[in-house]
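For reference, the structure is listed below as structure tokens.
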Amino acid sequence: YILMSVAAWRIHRKEQAGYFSPILKPWWLQLILGLLWSICFFGLQLPELGFAVIVAVWLAAMTTLRRFLCTERIAGYMIVPLALWVSFATYLN
């Protein structure tokens, strides 16, 4: 979460845009969907619903990674651990 936050801050600073600017929307989306996945998978114990949500998290994380890499390479590299973790969580789900 620290790397994700620093990456978003770097993008915010470089683009001189608000925290809810279009370039950061997938970052926010993956953050919210990640919370929703935890609720579905662990809280409600609904792995089928959890799988649908984690696929959406993965798509949002990959979009974030691509956008961040195109905007500021270091920020993009900071999203790589997230992409790896979400890929692993999708497999485990």
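Table: residues versus (1) of a type outside the set (Gly, Ala, Ser); (2) under 13 Å from the mean Cα position of the chain (by Cα).
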| site | (1), (2) |
| --- | --- |
| Ala7 | no, yes |
| Ser21 | no, no |
| Leu36 | yes, yes |
| Gly43 | no, no |
| Ala60 | no, yes |
| Arg67 | yes, yes |
| Cys70 | yes, no |
| Val80 | yes, yes |
| Tyr91 | yes, no |
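List every residue pair whose Cβ atoms lie under 7 Å apart, where the two residues are 6 or more positions apart in sequence or sit on different chains, the first residue falls within region 40-61 and is free of Cβ contacts under 8 Å to residues at least 40 places away in the same chain and more than 22 Å from Ala7 (Cα to Cα), and the second residue, located anywhere, is open to solvent by 50 Å² or more (accessible area, probe 1.4 Å) and in a helix (DSSP H, G or I).
As it stands, the answer is Cys40/Leu49; Val53/Leu36, since those pairs meet every condition given.
Under the condition of being open to solvent by less than 90 Å² (accessible area, probe 1.4 Å) and not in a helix (DSSP H, G or I), which residue from region 43-74 is modelled with the lowest pLDDT?
If we take residues in region 43-74 being open to solvent by less than 90 Å² (accessible area, probe 1.4 Å) and not in a helix (DSSP H, G or I), then Glu72 is modelled with the lowest pLDDT.
The values are calculated or read from the model by the stated rules, or taken from the named source; none is laboratory data. Worth saying up front: this structure is predicted, and the values here are computed from it rather than measured. Note that each Cβ is placed from the backbone with ideal geometry, even for glycine, and that neighbours are counted across all protein chains shown. In case anyone asks, the SASA skips ligands and DNA or RNA and just uses the protein heavy atoms, side chains included. Shrake-Rupley method; radii C 1.70, N 1.55, O 1.52, S 1.80 Å.
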